[in-house]
Structures are given as C-alpha cells and as structure tokens.
Amino acid sequence: MTDIAALAATLDDAAVRSAAIAQLSTDHPALGVADAYRIARAAIDRRIARGERIVGMKMGFTSRAKMAQMGVDDLIWGWLTDAMMLADGGDAPATRFIHPRIEPELAVRLKAPLVGQVTALEAWAAVEAVAPALEIIDSRYRDFRFSLADVVADNASSSAFVVGGWQRPDLDVANLGMVMSIDGAPVQFGSSAAILGHPQRSLVAAARLAGEAGFALEAGWTVLLGSATPAEAIRAGSRVRLETQGMATVDIALGGAAA
C-alpha cells in the first residue's frame with residue numbers, strides 16, 4: 001500500500017529545502033497516476049496548513065509532442081497557491097529553486113465556477129480576463145528526470161508563476177505570436193496555437209480534469225493554460241521577458257538572494 005502522507009512529506013520537504021531527491025518511482029515502481037495525484041494534494045494540504053491558499057490550476061503536457069514523448073494521451077495538471085505568485089517586473093530568489101526552467105504561457109482569470117464537460121464557448125464564457133504569463137517549473141527530482149507518476153506527484157513540476165497585464169477575454173487568442181528572451185536575447189519563438197491547437201481547448205480540459213478529480217475551478221482562480229514553447233533553463237542573475245502579440249510584456253528576474 002502506498003503511504004500517501006509519507007511520500008507527500010518527502011516531496012514537500014524537498015521543495016522547502018530546495019534539495020533534489022530520488023524519483024519516487026525508484027523505491028515505488030508500482031506507483032500509479034491516481035495515487036500520484038493524491039500525493040500532490042497531500043503535499044498541497046501541508047502548505048495550506050502553513051498558511052498558503054489555493055489560487056488556481058496549471059495545465060501540463062499541452063503539447064502533442066510532449067504527450068507522445070511521455071507516452072500519454074491526456075494532459076496533467078497541478079495546483080497553484082498564492083505563495084507561488086511572483087510580481088510582474090520583480091525578482092524571484094534563486095535559492096528558492098533547485099534547477100529552474102521557465103516557459104511562456106497564457107493565463108485566464110475566471111469570473112464564474114467551471115467544472116465537468118463543457119464546450120469551448122461555455123468555458124470561455126466563464127473567463128473574466130486573459131493575460132500573458134511565465135511559469136517557472138522546477139522538478140524536485142535529481143537531474144530533472146521523472147516518470148509520469150513522479151511528475152504528477154510533484155505537482156506537475158510547478159514552482160512559481162508571474163502574470164502580466166490582464167485584458168478583456170474577447171481578444172482572439174487562437175494564434176498569438178510569442179517571443180521569450182533571457183537577458184535581452186530571444187531564446188524561444190512560439191504561438192498560442194501550440195497550446196492544444198487553441199488555448200480554449202486547454203481550459204475545456206481543465207474543467208473536465210477538475211470534475212474528474214472532484215472539485216471545481218472557482219471564480220477568481222487563475223488557470224495557466226500551458227506552454228507555447230519548450231522550457232528554458234535559467235540561472236541566478238537572469239531576467240526573462242515575454243512579448244506576446246497584442247498584449248503587454250511580462251518579465252521576471254532570478255535573483256541570487258533569499259526573499
């Protein structure tokens with residue numbers, strides 16, 4: 001029997017200490033995805049007990065190529081808490097991370113609850129605003145290597161995020177050009193169309209996955225819809241900037257000191 005609480009404590013402690021650990025599947029080769037989501041929630045509950053609160057959900061594997069690479073046919077997801085939110089134009093302490101990577105994304109803020117099987121029109125009707133975003137992913141596992149169950153248990157590698165200026169949801173987000181730069185040099189070029197072919201599909205999937213997990217996306221929550229390009233490794237002292245067609249820029253620096 002999988003000891004959910006013990007494995008959650010192991011991952012939570014690794015995150016608190018910013019110390020890499022062995023993949024859970026090394027000692028638990030039979031670990032399944034269902035138990036992995038229970039571990040992720042138990043780890044989040046430990047953080048809630050310390051005063052954090054859930055503010056949203058992040059989507060992962062929104063690239064068909066990434067799904068094929070991992071041998072899966074569905075997305076994964078993780079929780080977002082207020083302690084993961086960074087200020088646009090601000091600094092994130094490098095000591096908070098183990099081996100951080102960053103991805104350009106789109107985010108939505110909900111004005112109404114959303115759950116279960118919905119159409120794209122129904123999903124977008126629940127959106128209050130849309131914005132460019134950057135997500136810092138940071139696997140708690142050594143060498144950033146993991147199985148599907150490992151990454152699910154690790155809250156889909158989610159670590160921190162920053163959201164740019166919110167805009168009206170009637171902006172056409174189907175195919176927005178996106179350029180991510182590090183220290184002024186462009187490193188990734190992409191389009192919002194890379195997010196499942198259309199970002200709205202990711203929100204539809206988020207509602208479905210939330211329903212399957214027994215909760216609803218709540219009004220006021222932020223949903224990160226997925227990355228438009230591969231992630232880039234970042235180091236202390238770097239500043240990352242995302243330019244998205246028709247939107248304001250968003251940027252974050254990785255500082256060298258603790259908060």
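The values are calculated or read from the model by the stated rules, or taken from the named source; none is laboratory data. Note that the coordinates shown come from a computational prediction; the quantities given were computed from them, not determined experimentally. Note that each Cβ is placed from the backbone with ideal geometry, even for glycine, and that neighbours are counted across all protein chains shown.
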Item to check | Scope the stretch 135-146; condition farther than 17 Å from MET59 by Cα and not in a helix (DSSP H, G or I); matching residues | outcome: ARG140, TYR141, ARG145, PHE146
Checklist outcome for this item: Checking ASP73, ASP82 in turn, the sole residue that is modelled with pLDDT under 95, within 23 Å of GLY214 (Cβ to Cβ), surrounded by fewer than 20 Cβ atoms within 10 Å (Cβ to Cβ) and within 19 Å of the chain's Cα centre (by Cα) turns out to be ASP73
Next on the checklist: Quick test of your reading of the structure: GLY214 fulfils all but one of (1) touching a residue at least 12 places away in the same chain (Cβ under 8 Å); (2) of a type outside the set (D, E, K, R); (3) surrounded by fewer than 22 Cβ atoms within 10 Å (Cβ to Cβ); (4) at positive phi. Name the failing condition by number.
Outcome noted: (1)
Next on the checklist: For a quick check of your reading of the model, give me the residue pairs whose first member lies in the stretch 155-175 and is in contact (Cβ under 8 Å) with a residue 24 or more places away in the chain, whose second is acidic (Asp, Glu), with beta-carbon atoms closer than 6 Å and at least 6 apart or on different chains.
Outcome noted: SER159/ASP138; PHE161/GLU135; VAL162/ASP88; GLY164/ASP88
Checklist entry - Taking into account only those residues within the stretch 177-211 that are assigned to a strand (DSSP E or B) and polar (S, T, N, Q), which is surrounded by the most Cβ atoms within 10 Å (Cβ to Cβ)? => result GLN188
